[in-house]
Structures are given as structure tokens and as C-alpha cells.
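Contents: one structure, followed by commentary.
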Amino acid sequence: MADPTSSTPTAGALALADVPAEPGVAKPDPILVVDHVMRSFGGLTAVDVDHLELQRGAITSLIGPNGAGKTTFFNLMTGFDRPNTGSWSFDGHDLASLAAHKVARHGMVRTFQLTKALTRLSVMENMKLGATEQRGERMLSSLFGPLWREQEREIEARAEELLVRFKMDHMRNELGGELSGGQRKLLEMARALMVQPSMVMLDEPMAGVNPALTQSLLGHVKDLPSHGMTVLFVEHDMDVVMDISDWVVVMAQGKIIAEGPPEAVAANEEVIDAYIGKGHGDESRFTPTPRAQAVAGDTIVAEAPPSADEGREDLKLDADTDPADPAAGDDTRGGA
Ligand SMILES: Nc1ncnc2c1ncn2[C@@H]1O[C@H](COP(=O)(O)OP(=O)(O)OP(=O)(O)O)[C@@H](O)[C@H]1O
Ligand SMILES: [Mg+2]
């Protein structure tokens with residue numbers, strides 16, 4: 001795992017060292033290239049990205065105030081929503097208009113701002129489902145295939161390996177519903193890795209997680225590039241963003257208003273204005289509006305249908321945490 005205190009530049013940071021900090025700038029080896037993607041809801045333009053490239057193997061943070069369009073952008077890229085206009089290519093493949101499970105087959109997976117672990121399945125069952133749900137395969141039909149046993153063994157071995165890596169192997173038989181909010185976040189990240197993706201998009205994976213588990217989650221995210229993965233990461237905590245990112249992209253009112261290495265973005269006037277408004281004295285840090293977080297339960301989508309409602313996860317909350325309490329869902333039982 002990457003040493004959180006290490007100041008050695010990562011491979012991603014080195015690759016981006018000579019790239020100017022300008023919105024829409026070209027990257028040396030982009031895995032995702034986005035052109036003119038626009039999505040509006042009625043009169044509101046939620047996403048309006050002219051051009052964006054994400055460097056392969058790097059950890060890029062996508063930041064911006066509440067309602068900037070970050071989750072909508074994730075939904076569009078991963079086939080959970082459709083843009084009004086625009087195109088994008090992932091690893092050279094045109095992904096526009098592909099359904100979510102086909103996007104996952106190309107190696108791009110995402111997690112949700114509110115977790116979707118199945119509460120009535122065990123940790124191990126959740127992991128095994130992760131191998132198929134993102135790809136839209138049917139568990140039942142695969143049961144009759146001649147290669148089923150072999151596949152089942154491979155899936156179990158991969159699940160076990162990931163549970164060990166995420167230090168959740170001792171919880172393999174616990175039900176999703178028995179896990180704390182933080183443990184569910186860990187499970188969701190581990191489950192997303194079941195399809196061995198080349199790019200992982202994480203929507204606020206640390207939200208509502210206690211400090212001890214936050215460090216553990218952070219370590220796992222930092223570790224993803226060493227497993228050959230590119231990471232796009234939405235996060236409001238600027239200390240986390242500064243610590244983890246090779247590159248930072250700033251969104252406000254649907255547009256990319258700035259991008260660059262973390263230090264350059266932190267010093268950018270336009271970014272500070274977007275977060276805290278003109279006239280604020282403290283320009284050393286951003287202070288985005290904290291948003292109450294909660295953990296959703298039984299709302300996993302096995303063959304994820306493209307849905308314009310995906311951005312409205314607040315409509316699908318379980319009652320197991322108090323959305324008004326940012327500490328709700330905190331992990332206090334260890335496990336990682
Ligand atoms: N399905 C939808 N129908 C109508 N409006 C939507 C829908 N999804 C998102 N929006 C609106 O689009 C805008 C962008 O929302 P989005 O959830 O993408 O923001 P965000 O940057 O992820 O915010 P946050 O940091 O609070 O998660 C908001 O004004 C939101 O209300
Ligand atoms: Mg969001």
C-alpha cells in the first residue's frame with residue numbers, strides 16, 4: 001500500500017509534471033476523452049463539459065460545490081444517464097449511448113455517493129454478485145453453463161483475495177445489513193474491483209466514514225494505480241484531495257473551470273471564488289458546504305438500467321441512518 005506520509009511523486013504525478021494547468025488541457029496518455037457533453041434537466045444545465053482528458057494511471061479528483069454536476073457527470077460517463085449532446089471515448093472505444101453494464105465490460109466502473117450494498121446478502125455474496133452485476137450477466141443462466149464450476153472457483157478466489165486486501169475476510173459471512181456505514185463503503189469499493197476494471201470512478205467514498213476507516217479507504221484508493229487502475233474521485237474534503245490527487249479537476253455549474261496539480265488548483269482564485277464566494281478572507285483553504293451523508297440499503301441494480309433518476313439518490317434512503325447527522329453510519333467496529 002502507498003505510504004500516506006511519502007512525498008515521492010507517484011507515476012501519475014510524474015506523467016503530468018509538464019502538463020499546463022488549464023481547463024481542457026491535453027494529457028500525455030489519456031484513458032478518457034470527453035467532448036461537448038451537455039446534460040440539462042428542464043431549464044437547468046447540470047453538466048456542460050467542453051473538453052476533458054483523464055490521464056491513464058493517475059488519481060484525478062473531481063471537486064466542486066454541491067450541485068456542480070459531479071454525480072451527473074459520473075452518471076453520464078458510466079451509462080446510468082444520457083447526455084443531450086456530446087461524445088466520449090474510453091481506451092479508444094466510443095462509449096456514448098452504451099448501457100451501464102456494457103460500459104463496465106469495457107473496464108470502467110463506478111461506486112455511488114450513497115452505498116448500495118445488499119443488506120440481506122453476506123459480504124461474500126455481495127462480492128460474488130459484484131463479479132456479475134456490473135457486467136449485466138445473469139447468475140441463473142450461468143449456473144447451467146459447462147464452465148460454471150471453473151468460473152465460480154475463479155470468482156470466489158478473487159473475492160477472497162480482495163477481502164483479504166481490504167481486511168474484511170473475517171467478516172465474509174456477516175450480512176451487508178450488519179455492517180457499519182464505513183464498512184459498507186469498503187465493501188462497495190472491493191466489490192467494484194471484482195470485474196478487474198481499468199478505471200474506477202468513486203463518488204465520495206469517504207463521506208460519513210469515521211477517521212480510522214477514512215485512512216484505510218484512502219490507502220486503498222492510493223493503492224489502485226499500482227494495480228493498473230486509473231481513478232476519478234469525487235471528494236469534498238480538501239485535505240484528502242490534496243493528499244491523494246495527482247491532478248485536480250474543478251467543476252462549477254456544470255463546467256470545468258480549472259484543472260491542474262493539487263497545489264496549483266488550491267491557489268487558483270477562480271476555484272476559491274467558486275467554493276466560498278468573492279470577498280472571503282481565508283484563501284488558504286476551501287470550505288465547501290458540508291452535506292449530510294447517509295447510507296442507502298437495498299437498492300442495488302443488478303442489470304443497471306440507464307436512469308435519469310440515478311443522480312437523485314436522496315430519494316432512495318433507507319431509514320437506518322439519520323441523513324441530518326454527518327456522523328451517522330460511522331464505523332465504530334473496526335474491521336479495516
Ligand atoms: N434527475 C435529476 N432531475 C433533475 N435535476 C437533477 C437530476 N439530477 C441532478 N439534478 C440537478 O443537477 C445539478 C447537479 O447535480 P449533481 O448531483 O450532479 O451535483 P454534485 O456536484 O454531485 O453535487 P453534490 O456535491 O451535492 O453531490 C443539481 O442542481 C441537481 O439538483
Ligand atoms: Mg454528487
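The numbers here are math on the coordinates, done by the rules we state, and not lab data. These figures come from a predicted structure and were not determined experimentally. Positions of Cβ are generated from backbone atoms using ideal geometry, with glycine treated the same way; all protein chains shown enter the neighbour counts.
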Seminar exercise, completed: Here the range 79-90 yields Karplus 3J(HN,Hα) values (6.51, -1.76, 1.60; θ = phi - 60°; whole Hz; Gly and Pro given as x) of x, 8, 8, 10, x, 6, 9, x, 9, 7, 10, 10
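In whole Å, what three semi-axes, largest first, describe the equivalent ellipsoid of the range 1-119 built from its Cα gyration tensor (square root of 5 times each eigenvalue)?
Details: eigenvalues 125, 70, 50 Å².
Calculated on Cα positions only, the semi-axes equal 25, 19, 16 Å.
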Problem set entry | Note, ³J(HN,Hα) from phi for the range 217-230, Karplus 6.51, -1.76, 1.60, rounded to Hz, x at Gly and Pro | 4, 4, x, 5, 5, 4, 7, 4, x, 6, 9, x, 9, 9
For this session: Determine the gain in length on full extension of the stretch ARG120-ARG172; use 0.36 nm per residue of separation and subtract their C-alpha separation, reporting nm with one decimal.
Result: 17.4 nm
Exercise. Taking the Cα-to-Cβ direction at ARG82 and at LEU14 and moving 7 Å from each Cα, how far apart do the two end points lie in nm?
Worked result: 4.4
Exercise. How would you rank 188-198, 25-35, highest first, on the average number of other Cβ atoms within 10 Å across their residues?
Worked result: 188-198, 25-35
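Between LYS102 and HIS227, what length comes free when the chain is fully extended (0.36 nm per residue of separation minus the Cα-Cα distance, one decimal in nm)? Mind showing how you got there, number by number?
Values: separation 125, 0.36 × 125 = 45.00 nm, distance 2.20 nm.
Here the segment from LYS102 to HIS227 would lengthen by 42.8 nm.
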